[in-house]
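Have a look at the structure below, then the notes.
The values are calculated or read from the model by the stated rules, or taken from the named source; none is laboratory data. Source: prediction; values computed, not measured. For neighbour counting, all protein chains shown are included, and Cβ atoms are generated from backbone atoms with ideal geometry for every residue, glycine included.
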Amino acid sequence: MIRIGNASGFYGDRLSAMREQLEGGDLDVLTGDYLAELTMLILGRDRMKDSQLGYAKTFLRQMEDCLGLALDKGVKIVVNAGGLNPEGLARKLDAKVGYVTGDDLKARFPEALTANAYLGAWEIADCLDQGAQVVVTGRVTDASLVVGPAAAHFGWARDDWDKLAGATVAGHVLECGTQATGGNYSFFTEIDTTKPGFPIAEIDEDGSCLITKHDGTGGTVTTDTVTAQLLYEIGAPEYLGPDVTTHFDTIKLEQHPRGVRISETKGSPPPDTLKVCLNTLGGFRNSTTFVLTGLDVDAKADLVKRQLQQAIGDEGLTWTLARTDQTDAPTEEQASALLHVTIKTTDPKRAKGFSRAAIELALASYPGFHVTAPPSDGTPFGVYKAAYVNRDEVSAKAVLL
Amino acid sequence: MKRPLGTIAGARSGDKGGDANLGVWVRTEEAYEWLSTFLTKEKLKELLPEAQEVTRYDLPNLKALNFVLHGLLGEGVASSTRFDPQAKALGEWLRSREVEIPEELL
């Protein structure tokens, strides 16, 4: 059995989770996911400002605090915090570090700000086989962070489909941290989720696992909390990944005194193509929210729309009137509707001009004019797209420093 | 009896590019039998009128249905002008909709 924990479900998750997982009990490997679709865009913009950046900076802070502790306890660290610059991050860590590279396909998609193939588990396994104490990757599938260490530990073959599928399910349950242990959970009133603990998968040689968490941590692990996380961000029951296709309609869950047993998961060969996460700059956006209180809400909305359109033109404006108001309301807030307006434009000057145009209306528009937050100077926005490339166009590599 | 769907069903939702996914699950076999008949994709669109093109996938082993709401989020979270651009609360919205639930399931 290998005991793999998770200490991060996104870039910005609980900073102390790394220490909590290391001090809370035994682990073999501690993983962390830092990369959402949106994060790649954020890191892409970091990298534009400074080519040395492009990785998840919070992970570095966690390592300053915890790397010594992890090394002392013999816990290996496997994270995708490398983002767009795994080598840059790897070189900042004082340990035997391996990194995974080859996901960056910007040369193939020059129009994109970021273009990264979703790599799999085998380069992570390679790094661990070569003795890495810490493995940092760029864009790998979230589940690979768990599949890689399990595959290395048990010496699985690349066509051990059921085992790889079982570990993929474990990885999917862990990848969002406390979403597996009662965080963000529909039936939260039935449990104590004040501070849910981070999840752990105890994976067996056959790929089955026990989802659990350290004793004394908050939240809970039940078939319900695990089901909730299994349903997160999935599509068809054939869950496609770079290493295996996992059949979510074969998963069996059973309540166990220490958590939830997951078994019987079936796997089959993965597709011939790899998914690519593409972020392009879509233009500039800006937005504000007008508060419309009391009588004549529709007419108030019409007036301010006409005025803003006259000032900056109609193109690229999206209006949403949220009728949150009640008639004859006992509080001012309950008497108010919200009119959201967003501008999306290729012209940064127009995005900035939007603010001025909106604020200039302050004494010249509907009675009771105010906004919930003043508009800013406008910010660039990204457009996300998935693309697919043949496997032979991607050369993933494990590098040991 | 007319009750919020969330009285007996849990849900979790999220984003994949411009699509949203919405998983719904129940806790007994009887409830799943009812849910899988009741919550067709047409019914889902009726309960969530903002949904356009919907695909439903069945996961009887998890007593769950997974819906993909195509195009709900436009070109993804960074670009979307939709309220809740990552569809985080879509499931809780669905759970609050009142539907006719057989009394023996309550």
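The set of residues in the range A:50-64 that are loosely packed, with under 14 Cβ neighbours inside 10 Å and not small (Gly, Ala, Ser) comprises A:ASP50, A:GLN52, A:ARG61, A:GLU64. Within the range A:143-165, the set of residues being buried (at least 24 other Cβ atoms within 10 Å of the Cβ) and either under 21 Å from A:TYR99 (Cβ atoms) or within 14 Å of chain B (Cβ to nearest Cβ) (or both) comprises A:ALA143, A:SER144, A:LEU145, A:VAL146, A:VAL147, A:GLY148, A:PRO149, A:ALA150, A:ALA151, A:ALA152, A:ALA165. The single residue among A:ALA373, A:ALA322 that is of a type outside the set (Ser, Thr, Tyr) and either more than 30 Å from A:MET40 (Cα to Cα) or within 14 Å of chain B (Cβ to nearest Cβ) (or both) turns out to be A:ALA322.
Evaluating A:PRO86 against the criteria (1) under 30 Å from A:ALA157 (Cβ atoms); (2) touching a residue at least 60 places away in the same chain (Cβ under 8 Å) leaves one unmet condition, (2). Among the residues of the range A:300-320, those that are touching a Lys or Arg at 6+ places or on another chain (Cβ under 9 Å) and of a type in the set (A, V, I, L, M, F, W, C) comprise A:ALA311, A:ILE312, A:LEU317, A:TRP319. In the range A:240-252, of all residues being assigned to a loop (DSSP other than H, G, I, E, B) and not acidic (Asp, Glu), the one that is nearest to the chain's Cα centre (by Cα) corresponds to A:GLY241.
One residue stands out among those in the range B:77-106 that are at the interface with chain A (Cβ under 7 Å from one of its Cβ atoms) and under 18 Å from A:PHE381 (Cα atoms): the one that is modelled with the highest pLDDT, which is B:PHE83. Scanning the range B:56-76 for residues that are facing chain A (nearest Cβ under 8 Å) and in contact with a Gly (Cβ under 9 Å, 6 or more places away or on another chain), we see that the one that is surrounded by the most Cβ atoms within 10 Å (Cβ to Cβ) is B:ALA64.
Conditions (1) modelled with pLDDT of 95 or more; (2) part of a strand (DSSP E or B); (3) within 23 Å of A:THR168 (Cα to Cα), marked per residue:
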| position | (1), (2), (3) |
| --- | --- |
| A:ARG261 | yes, yes, yes |
| A:GLY267 | yes, yes, yes |
| A:PRO270 | yes, no, yes |
| A:LEU274 | yes, yes, yes |
| A:CYS277 | no, yes, yes |
| A:GLY282 | no, yes, no |
| A:ARG285 | no, yes, no |
| A:LEU292 | yes, yes, no |
| A:ALA299 | yes, no, no |
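From the list A:ASP192, A:ASP206, the one residue that fits, being without any contact (Cβ under 8 Å) to a residue 40 or more places away in the chain and more than 23 Å from the chain's Cα centre (by Cα), is A:ASP192. When B:ARG82 is tested against (1) closer than 26 Å to A:LEU338 by Cβ; (2) among the charged types (D, E, K, R); (3) under 10 Å from the mean Cα position of the chain (by Cα), just one condition goes unmet, and that condition is (3). Just need a number here: residues in the range B:38-48 that are of a type in the set (D, E, K, R) and surrounded by 13 or more Cβ atoms within 10 Å (Cβ to Cβ). Adding up the residues that qualify gives 3. If the condition is being hydrophobic (A, V, I, L, M, F, W, C), farther than 17 Å from A:VAL244 by Cα and surrounded by fewer than 24 Cβ atoms within 10 Å (Cβ to Cβ), then the range A:98-127 contributes A:LEU105, A:ALA107, A:PHE109, A:ALA112, A:LEU113. The set of residues in the range A:18-37 being in contact (Cβ under 8 Å) with a residue 40 or more places away in the chain and under 19 Å from the mean Cα position of the chain (by Cα) consists of A:MET18, A:LEU30, A:THR31, A:GLY32, A:ASP33, A:TYR34, A:LEU35, A:GLU37.
Of all residues in the range B:1-37, how many are more than 10 Å from every other protein chain (Cβ to nearest Cβ) and either at pLDDT below 95 or surrounded by fewer than 16 Cβ atoms within 10 Å (Cβ to Cβ) (or both)? Number of matching residues: 10.
Put simply, of A:GLY378, A:GLY382 the only residue that is within 26 Å of the chain's Cα centre (by Cα) and more than 30 Å from A:LYS275 (Cβ to Cβ) is A:GLY378.
Considering only the range A:356-367, I want to know if a residue exists there that is under 29 Å from B:GLY76 (Cα atoms), touching a residue at least 40 places away in the same chain (Cβ under 8 Å) and surrounded by 18 or more Cβ atoms within 10 Å (Cβ to Cβ). Checked against the condition, which is being under 29 Å from B:GLY76 (Cα atoms), touching a residue at least 40 places away in the same chain (Cβ under 8 Å) and surrounded by 18 or more Cβ atoms within 10 Å (Cβ to Cβ), the range A:356-367 yields at least one hit.
When you scan the range A:41-53, do you find a residue that is assigned by TED's automatic domain parsing to the domain that holds A:LEU145, among the acidic types (Asp, Glu) and closer than 19 Å to A:PHE10 by Cα, even just one? Yes, the range A:41-53 contains a residue that is assigned by TED's automatic domain parsing to the domain that holds A:LEU145, among the acidic types (Asp, Glu) and closer than 19 Å to A:PHE10 by Cα. Could you please let me know if B:ALA51 is surrounded by 14 or more Cβ atoms within 10 Å (Cβ to Cβ) and in contact (Cβ under 8 Å) with a residue 60 or more places away in the chain? Judged against the criteria, B:ALA51 is not a match.
Looking across the range B:1-34, just one residue is among the hydroxyl-bearing types (Ser, Thr, Tyr) and within 10 Å of the chain's Cα centre (by Cα), and that is B:SER13.
Listed here are the residues, each with its yes/no results for (1) free of Cβ contacts under 8 Å to residues at least 60 places away in the same chain; (2) at the interface with another protein chain (Cβ under 10 Å from one of its Cβ atoms); (3) more than 15 Å from B:TRP25 (Cβ to Cβ).
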{"residue": "A:THR225", "(1), (2), (3)": "yes, yes, no"}
{"residue": "A:PRO242", "(1), (2), (3)": "no, no, yes"}
{"residue": "A:THR245", "(1), (2), (3)": "no, no, yes"}
{"residue": "A:PRO269", "(1), (2), (3)": "no, no, yes"}
{"residue": "A:THR273", "(1), (2), (3)": "no, no, yes"}
{"residue": "A:LEU278", "(1), (2), (3)": "no, yes, yes"}
